[in-house]
1. For segment 42-85, give the percent of accessible area contributed by carbon and sulfur heavy atoms, probe 1.4 Å, rounded to a whole number.
2. Roughly how many nanometres apart are two label points built 7 Å out from the Cα toward the Cβ at residue 121 and residue 68?
3. Would you tell me the accessible area of residue 101, worked out with a 1.4 angstrom probe on the heavy atoms of the protein chains, in Å² to the nearest 10?
4. With a point put 7 Å past each Cα toward its Cβ, work out how far residue 78 is from residue 163 in nm, to one decimal.
5. With a 1.4 Å probe and all protein chains in place, put 154, 86 in order of accessible area, largest first.
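The values are calculated or read from the model by the stated rules, or taken from the named source; none is laboratory data. On a predicted model such as this, the values are computed, not experimentally measured, just so you know. Positions of Cβ are backbone-derived with ideal geometry, glycine not excepted, and every protein chain shown enters the neighbour counts. Surface areas here come from the heavy atoms of the whole protein model, side chains and all, with no ligands, DNA or RNA. Shrake-Rupley method; radii C 1.70, N 1.55, O 1.52, S 1.80 Å.
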Amino acid sequence: RAEVEAMLRADDGEPGFLESPVGGSDSKLFVGGTWVTDAVMNRRAETPAHVGRYKVIGELGRGGTAIVYLAEQENPARKVAVKVLRPGVTSRGAFQRLEQEARILARLQHPGIAQIFEAGLADSSGERSPFFAMEFVDGKPLGDFARGLSLGTRERLELMLQVCDAVEHAHA
């Protein structure tokens, strides 16, 4: 407990999710260093035509601070995943976290970890925002994959060992 409390005291000073009010239409969330209302969090941003030099095909997913798009790179021609901050997320902390994520991913070389191709700043939804483009892995969730192949317990455990190897590489 003392160790956790010491880590909390050493935090960068930005309020975390435990410090934000919950519930009600007027509630606010602290997302990426910025207080936003539920209405802002739930609005669907217009999908940009491009992020940097990547032509956006569609949205793959979204989190509290970022959106991941499926996009096309012209040269060399390939599909990529592009991660960019959500419109309205403008805090320095959110920018730094996305840039740090790109730096960390760039150092990882492992067959179980998608490769990053580029990181930079791009105009997206009328705002200048950091982004990174990475290898797009067209696949299924792990459970669906295992069920689709009717993998037994031993095969599922071998698959999990591969996942654990990638996670261990990232942590190292």
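1. Values: 1140 of 2470 Å².
So the carbon and sulfur contribution to the accessible surface is 46 percent.
2. Placing both labels 7 Å along Cα→Cβ, they lie 2.6 nm apart.
3. 60 Å²
4. 2.5 nm
5. Details: 154 175, 86 20 Å².
I get 154, 86, largest accessible area first.
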